[in-house]
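Reading through the structure tokens given below for one structure.
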Amino acid sequence: MTKIDVLLGLQWGDEGKGKIVDVLTPRYDVIARFQGGPNAGHTLEFNGMKHVLHIIPSGIFHEDKINLIGNGVLIEPRIFRQEIDELTAKGVDATRNLVVSKKAHLILPSHRMMDAANEQAKGNAKIGSTLKGIGPAYTDKIARTGLRVGDMLAEDFIERYGQLKRQHLLMARAMGFDVEQFRIDGMTLGEYEQVWMESLATLKRFRFVNSEYFINRCLQEDKKVLAEGAQAMMLDIDFGTYPFVTSSNTITAGVCTGLGVAPSTIGKVMGITKAYCTRVGAGPFPTELFDETGSRLCELGHEYGATTGRPRRCGWIDLPALRYACMINGVTELYVTKPDVMNDFETVNMCTAYEIEGQKTDEIPFEYNTVEIAPLLTPYKGWQQSLAGITEYNALPANLKNYLAAIEEQTGVRIAAVSISPDRKDVLFK
Ligand code: IMP
């Protein structure tokens, strides 16, 4: 029996997971998503083309790989259909190699309405949700009122759908939300519902499986499985910067519940981190830069959300957060992305500890959201040269290697590879 390897983002998302999964895919037989939903945006670039995936695992471009949407994932059928249509237009027939858990929950149009209603009710304390219905759909899952992929095939599906929708409408109206004015992609709730219902037909073309049996059988047959995380460690519902988090367990432990595998089946845990740090949406971000350097990182790194197009907040790499991520997830190897964005920087800073109320600490405090946190920065000499054309880790500039070695030393985890451009060919293994 083989072990299941895990790949996760260690910061606040957008570390370049999609790309690294794509590079690693040839080593695996199965790529499985275990949590999150269309709030994710995994960008892959190859042959001069850019592809953004939201719900579908990043192994979909490799015909001979099985892609599994696990029970822990949320599916919004219309977004799913759009993704399938885009793949079809690119000549990719996903019905060949994508299977879907019967236990994955559905995001209803009214979940998306509730997301908007909840955000509106929060006023200035908005989370900055992607408004894809993630929070409300997971709320219904936990409240035991949700609808699952397998339920679509039941006779009373429409009845149960109507019941849940009515409940959402009641709640939204009670919150003072203007249901009539609400739009999704320019459509009223009723109009969107029609498109959503039509989209179920696309979803039904796929093979629905009891995914816990499916995945365990794969492991027993010695198939190599990669669990592909979405969002990231610091957005985890339990250990992230609550309440500015997503509504799922994005951590290694989430693989067990989101796929139905035992903890003892977990093998390598590959953690992805940018060489700097970004965050999209609200919430604490101790190393955030509000100056020109922050704007440079945003512009040079093309830091705009793949799902929402929002500009990302940018700052220096945060080692207390990274060490925390390595601890919670049992990270066995690091993948560092986008150092090339800082090619021109004279100095590259690294936050190695925090100062809170005059006290130095390297722990993530419970009061992360409410106390003033001053990042303690260690400066590193920039490498000030282009990385284009470098094909080996050892050929990287000495100052960059020095910076990467400091990340290894600070986290106690070895770097497996560094990615120096958006293209899949530019991942240099150490
Ligand atoms: P939600 O999951 O859409 O409710 O969003 C909750 C928070 O997580 C917001 O701050 C989002 O910006 C953030 N978020 C959700 N998904 C992603 C992602 O895939 N990358 C980066 N941030 C995300």
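The values are calculated or read from the model by the stated rules, or taken from the named source; none is laboratory data. Predicted model, so just to flag it, every value in this text is computed and none were measured. As a convention, Cβ positions derive from the backbone with ideal geometry for all residues, glycine included, and neighbour counts pool all protein chains shown. Surface accessibility is based on the protein's heavy atoms, side chains included, excluding ligands, DNA and RNA. Shrake-Rupley method; radii C 1.70, N 1.55, O 1.52, S 1.80 Å.
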What number of residues within region 224-237 are surrounded by fewer than 22 Cβ atoms within 10 Å (Cβ to Cβ) and within 14 Å of the ligand (Cβ to nearest atom)?
1
Residues of region 86-127 being assigned to a loop (DSSP other than H, G, I, E, B), surrounded by fewer than 17 Cβ atoms within 10 Å (Cβ to Cβ) and within 12 Å of the ligand (Cβ to nearest atom), in sequence order, are K126
Could you tell me which residue of region 266-292 is farthest from the ligand (Cβ to nearest atom), considering only residues that are more than 29 Å from K122 (Cβ to Cβ), in contact (Cβ under 8 Å) with a residue 12 or more places away in the chain and outside any loop (DSSP other than H, G, I, E, B)?
G267
Do you know which residues across region 323-361 are surrounded by fewer than 14 Cβ atoms within 10 Å (Cβ to Cβ) and in contact with a Leu (Cβ under 9 Å, 6 or more places away or on another chain)?
D344, K360
When you look at A325, is it modelled with pLDDT under 95, within 16 Å of the ligand (Cβ to nearest atom) and of a type outside the set (F, W, Y), yes or no?
no
Does V179 satisfy the criteria of being in contact with a Lys or Arg (Cβ under 8 Å, 6 or more places away or on another chain) and either assigned by TED's automatic domain parsing to the domain that holds L87 or more than 23 Å from I56 (Cα to Cα) (or both)?
yes
When region 245-262 is checked residue by residue, the ones that are within 16 Å of the ligand (Cβ to nearest atom) and open to solvent by 40 Å² or more (accessible area, probe 1.4 Å) are S247, N249
Taking the condition under 22 Å from R424 (Cβ atoms), in contact (Cβ under 8 Å) with a residue 24 or more places away in the chain and open to solvent by 50 Å² or more (accessible area, probe 1.4 Å), does D64 pass?
yes
Identity of the residue in region 1-58, within 11 Å of the ligand (Cβ to nearest atom) and of a type in the set (D, E), that ends up least open to solvent (accessible area, probe 1.4 Å)
E15
